[in-house]
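Notes follow the structure.
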Amino acid sequence: MNVHISISLKAMLFLVSMLLLLALSVGIATAGPQQQPQQSVSAAAVGTGFTYQGLLKQSNVAANGTFDFQFKLYDASTGGNLINNAAMSAAGVTNGILTKEDVAVSNGLFTTELNFGPAFATFKGDARYLEIGVRPWQSTGTYTVLNPRQAVTPVPYALNAASVGGLSAAEVEAAYNATSNIGGKVSKAGDTMTGNLSFGQTTRQMLNLWGTAYGIGVQSLTTYFRSDSGFAWFNKGTHNDATNNAGTGGTTLMTLDSAGKLSPKSLGVSGNVAVGGNVEANGNLAAAGNVIVNGNVVATGNITSKNMPAIASGQEHVASLVVYPPFTSGSRAMDDVTITVPGPGFLFVTAFADVFLQGSFGDACCGEFKLDRVALDGSGAALLTRVRFYGGSEETRYVSWVLPVDAAGPVRLRTTASNTLSDKDMRTMDHNLTVLFIPARP
C-alpha cells in the first residue's frame, strides 16, 4: 500500500549560538536612582540541540500515531553535499543522519529536538537545508523522503552569533578543536601563536596527522609516533608526496621502514652501539665506545670505534664462479693483504680456503693451508699458523691467529695452499682473509 506523506514546517529554531548569546552577562543602562546590586545566580549550561515542530499529513489528512523520522542537512535545496563532521558524530549523528524514532504525532503536529552538534561546526553562516524522511512506527522499511527540502533560517539575534567577542565562527571552531585554553584571540592560519598548547592529563593519541594511522600520542611513560608505513628524516627541501623524497633541495638523512630497518646516511654515536639484529649503513659507522651487534655489520664506508679502529678484508672469491686449475708439487698464493695499523695493538686474523686434494686418506702427507707474515717487499715470510690435510679430502680449511703489533705502520699478511704430493692434483676454490685491529690499552 502506497502512503503519500507531505509536511509543512513551522520552524522554531533556537540555535545554540543564540542561547549562548543570551547566557552572556549584559549591562543595561537605566534612568533614575542607582539600584543596589542583586545577588548573582549562575545560569545552567545550554545544550547544542534546538526544538523542531512540524505538521505531518497523510493523504492530505492530519496524521495521528507514532512515526520514525530521519533528518539530514545539505548545503543546497537540491543535490548538493550532505553535511557531516566530527562534531556531529560526537552529538550522535551517524554518517550525517540524525534519526528520531517513536515520535508522537497528534492531529498532524509533532515536536522533537534536533542536535547537530555545536553551531559553529555545522551552522557557519552558509545556507543549510533540512531533508526529512519518515516511515510508520515499528516499520523496518525505507524512509519516504519529503520534498522539497526546508531552508534553515536563523532568528534575528542569532545573526550576531556569527561574530562573538570579536572572534569569527572559524576562530571559535579552531578554539574548540584545539581542546586547550588559548589566551587572547585565536590566530588564523599562518600567524604565530604565543604561549603554550596543552593537551591535558589524559593519555591518548593527541594528534591525528592523516587519519588515526599516522599520529602522535602519549601512553604510560612513553611518547609515541605512529605510522602505517615508515618514517623519514629530511634536511631542508620541500614537500613531496613520493615516499622518502626530501623534495627539491632536500637531503634524506635517515629512514625507518615498517620492518624496523633503520637506514642512516651515516651514523655517529658518542657512546656504545648495541643492536639485536643486523646493522646496514649506506655510509660510515662510527662510535666512540663499543660496537656490539648480534648479527651482521654491513657498511659501504668505514666502520670505526674507540675500541675497534679498523677492519681490513682481503679478496673473496665465489666457488661457483672461480675454480683455479689444479696443481702438483708446489704452492699457490691465495690472499695477500697489506694494512696500516694506527699504533701498538693486536691483529686478529682469520682466513679460510676451500681445497680438494686427490687420492685417499691413506696417502702420504699431504696438503697444507698456512698463514704467513710477509716482508713488505716480499723478500721473506714468517710462518704464523697452518693446517694440514690428506689426500681424498674436500673441505673448507680455517686458520686464525692473534699477531702483536709494536708500532704504527704497514703489516703484510698472506695465505698459501701447498701440495707436497707430486702425483696428486690439488684444487682451490673460494677463499678469504679478514683482519681486525684492536689497539693496546694506554
* **Filter pass, Leu109 being of a type outside the set (Val, Ile, Thr) and surrounded by 15 or more Cβ atoms within 10 Å (Cβ to Cβ)** => yes
* To do: Inspect all residues belonging to the range 231-247 and state whether any of them is of a type outside the set (Ser, Thr, Tyr) and touching a Lys or Arg at 6+ places or on another chain (Cβ under 8 Å).
  => yes
* Asked: What residue, among those in the range 204-242 that are among the basic types (Lys, Arg) and loosely packed, with under 12 Cβ neighbours inside 10 Å, is farthest from Thr252 (Cα to Cα)?
  -> Arg204
* Asked: Of the numbered conditions (1) at pLDDT below 85; (2) within 43 Å of the chain's Cα centre (by Cα); (3) within 22 Å of Gln150 (Cβ to Cβ), Phe14 satisfies every one except a single condition; which is it?
  -> (2)
* Asked: Is it the case that some residue within the range 319-329 is surrounded by 15 or more Cβ atoms within 10 Å (Cβ to Cβ), modelled with pLDDT of 65 or more and either in a strand (DSSP E or B) or not assigned by TED's automatic domain parsing to the domain that holds Asp425 (or both)?
  -> no
* Asked: Quick one: would you say Gly117 is within 21 Å of Tyr74 (Cα to Cα) and within 34 Å of the chain's Cα centre (by Cα)?
  -> yes
* **Matching strands (runs of 3 or more DSSP E) fully within the range 53-163 where at least 3 residues are among the basic types (Lys, Arg)** => none
* **Of all residues making up the range 412-442, the number that are of a type in the set (Val, Ile, Thr) and at pLDDT below 80** => 2
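The values are calculated or read from the model by the stated rules, or taken from the named source; none is laboratory data. As the structure is a prediction and not an experimental result, all values here were calculated from the model. Positions of Cβ are backbone-derived with ideal geometry, glycine not excepted, and every protein chain shown enters the neighbour counts.
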